[in-house]
């Protein structure tokens with residue numbers, strides 16, 4: 001067997017021998033997955049597998065309109081049979097859960113950690129390569145050589161992130177883990193410092209490569225999303241027809257069935273709402289006609305921005321975990337949109353006003369605990385229509401219908417709830433799903 005590596009890059013596993021690399025055959029493992037794990041095999045059926053040394057581990061990505069899994073033979077040959085199986089299941093779930101397309105969040109390194117934590121909640125520990133992030137599990141103890149290589153600052157960073165991961169429960173969404181990591185600025189900085197710098201000592205979490213997920217155009221992303229959706233739909237229907245799901249948990253089966261339902265993606269509606277609420281900006285710019293000669297000419301620079309009020313229902317039926325999912329998705333839209341948040345119950349808590357810019361979001365907290373009245377929100381928004389381009393109400397929908405709004409109004413309904421009245425024609429209704 002290969003010896004345990006001591007350099008920082010190999011916190012993710014063991015080093016394979018030349019003989020192990022030459023004998024490794026990925027097809028054997030794919031056949032085993034096909035026999036034992038029909039759902040994962042169905043998702044991977046449309047994936048092209050490419051052997052490469054360009055990435056250190058493995059990863060699914062889109063290239064020229066195709067879905068590919070690149071894999072490094074040195075890495076896969078270093079794994080046990082169970083770990084190769086777990087890696088293939090892990091990559092299939094990145095595709096099935098839209099982590100490579102519509103559920104991308106920034107910063108990308110935090111997103112990578114969050115998606116791995118969500119997926120690995122459902123994969124047995126013995127099927128994960130070393131370096132696989134598992135909620136509720138601390139990182140493995142550093143050897144003396146590894147600690148020396150990391151240095152005192154690196155060891156402290158390693159321990160801080162390890163303690164944070166160990167504090168997390170299993171089974172939450174990627175948005176939930178993303179929000180929890182972003183709520184702690186020190187942890188978010190630790191992850192980015194350790195994995196983003198040139199030559200910086202690393203952290204666990206390197207069992208697969210997510211590096212090129214953000215490089216697709218919108219057109220390519222839509223094409224890939226459609227291909228993945230078809231593979232997932234076919235796999236789910238085939239597993240339901242035969243009753244053979246392999247090791248997919250009952251909770252995950254329910255989530256996958258929800259994914260293939262013919263509902264409009266609420267995230268897409270939310271993005272559309274924010275996009276339609278934008279206003280144009282116009283500023284004067286000055287350009288030198290020729291570097292050899294003096295003189296400037298006036299020009300115009302155009303941009304688009306918006307300010308949207310977000311009213312947060314404080315009733316007990318709107319849970320903190322529901323708000324964390326909403327916040328994680330709003331954060332991705334905050335690059336060109338300023339969100340102003342307010343809490344409300346039977347009145348709007350104006351003292352809770354918080355400005356949210358440039359991807360930074362407030363933490364989930366409560367200042368009210370009464371009933372719910374949408375009329376107070378509508379009156380407050382109408383009164384401030386010169387400040388806002390639209391407003392969103394995060395709620396469970398259980399209160400009487402308010403009067404018409406003078407500007408765009410969006411209802412962001414937490415999972416498993418609905419409005420108890422018919423929304424106005426101008427309103428946007430977005431039904432969140434876990």
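A short reminder: the numbers here are calculations on the coordinates, not readings from a lab. Worth saying up front: this structure is predicted, and the values here are computed from it rather than measured. Reconstructed Cβ throughout: ideal geometry from the backbone, glycine too, with neighbour counts over all protein chains shown.
Between residue 186 and residue 54, full extension at 0.36 nm per residue minus the direct alpha carbon distance yields a gain of 44.4 nm.
Sort 162-169, 22-29, 89-96 by packing, meaning the average of other beta carbons within 10 Å per residue, with the highest value first.
Put in order of decreasing packing, that is 89-96, 162-169, 22-29.
Starting from 0.36 nm per residue, how many nanometres of slack lie between residue 272 and residue 367 once their C-alpha separation is accounted for?
Details: separation 95, 0.36 × 95 = 34.20 nm, distance 2.99 nm.
Working it through step by step, the gained length comes to 31.2 nm.
Based only on other Cβ atoms within 10 Å, what is the fewest-to-most ordering of 376, 369, 274, 239? If you can, show how the numbers build up before the last one.
Numbers: 376 16, 369 10, 274 24, 239 20.
By the 10 Å Cβ count, ascending: 369, 376, 239, 274.
Spin-label model, residue 155 to residue 238: label points 7 Å out along the Cα-to-beta-carbon direction sit 5.1 nm apart. Take 393-401, 347-355 and order them by the average number of nearby Cβ atoms within 10 Å per residue, most first; the result is 393-401, 347-355.
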